[in-house]
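Worksheet for the structure shown next.
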């Protein structure tokens, strides 16, 4: 397994290329751009693309898809949305297991963030998109959604090995153990519990 990181301009977001060296197949995650540097990485190493995974449907994740489909047709695009303007997609759901490019990919929905937000867990790697970055949980519209999102993140993070590496849509990678211990959002003492409370 080999993972390439690519910084996307002008969004300053992260695109990842995860490759099985044995199979010479790669998975592209959140292609916010498909520029010459990324194409050269694929071509120089003679990789084929097994598919594209989207953690969300914002431009920072999807702007590279039209170019991608012209250069590497017909690549499959997987998203929690049924389709994008750029292309038809294969719809995925929370709990799905994908077998792609020699990798087993667990799909984890994050509906408290947005309907199309998902994490992808591949071995000891988790691609978190906009939902979780180093030291911060992604912004949501209200306190109720924030509480739901943080509780769901805690639920999964607490089950995983502390050395599991988190690759966000923005910024540097982190580790599960670091986030559980030091992320102020995940450890917010003012977080409202959703457990039933007496009202009188």
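No lab work stands behind these numbers, since they all come straight from the coordinates. None of these values were measured; they are calculated from a predicted model. Positions of Cβ are backbone-derived with ideal geometry, glycine not excepted, and every protein chain shown enters the neighbour counts.
The simple Förster model, with R0 at 45 Å and r as the Cβ-Cβ distance, assigns residue 182 and residue 97 a FRET efficiency of 0.90. For the chain, the share of DSSP beta bridges that are antiparallel, to the nearest 5, is 70%.
Based on a Kirkwood Rh over C-alpha pairs, give the Stokes-Einstein translational diffusion coefficient of the range 1-109 at 20 °C and viscosity 1.002 mPa s in µm²/s. Please report the intermediate quantities before stating the final value.
Details: Rh = 13.9 Å.
Rounded to a whole number, D works out at 154 µm²/s.
Sticking with the crude label model, points 7 Å out along Cα→Cβ, report the distance from residue 71 to residue 5 in nm, one decimal please. Here the modelled spin labels are 2.1 nm apart.
Let me have the 222 nm mean residue ellipticity of the chain computed from DSSP H runs of 4+ only, each contributing -39500 (n - 2.57), with the sum over all residues rounded to the nearest 500.
-6000 deg cm²/dmol, from helical runs alone.
For the range 78-150, a/c is not less than 1.5, where a ≥ b ≥ c are the root eigenvalues of the C-alpha gyration tensor, and a/b does not top b/c. That puts it in the oblate class.
Name all residues of the range 54-91 having a backbone nitrogen under 19 Å from the label point set 7 Å from the Cα of residue 48 along its Cα→Cβ direction, giving them as ranges. Output list for this probe position: 68-78. The angle separating the long axis of helix 143-157 from the principal Cα axis of greatest extent in the chain is about 70 degrees.
Quick one, can you get me the convex hull of the C-alpha atoms of the range 2-182 expressed as volume per residue in Å³? Write down the numbers at each step before the final one.
Details: hull volume 19.8 nm³, N = 181.
Measuring per residue, one finds 110 Å³ for the Cα hull of the range 2-182.
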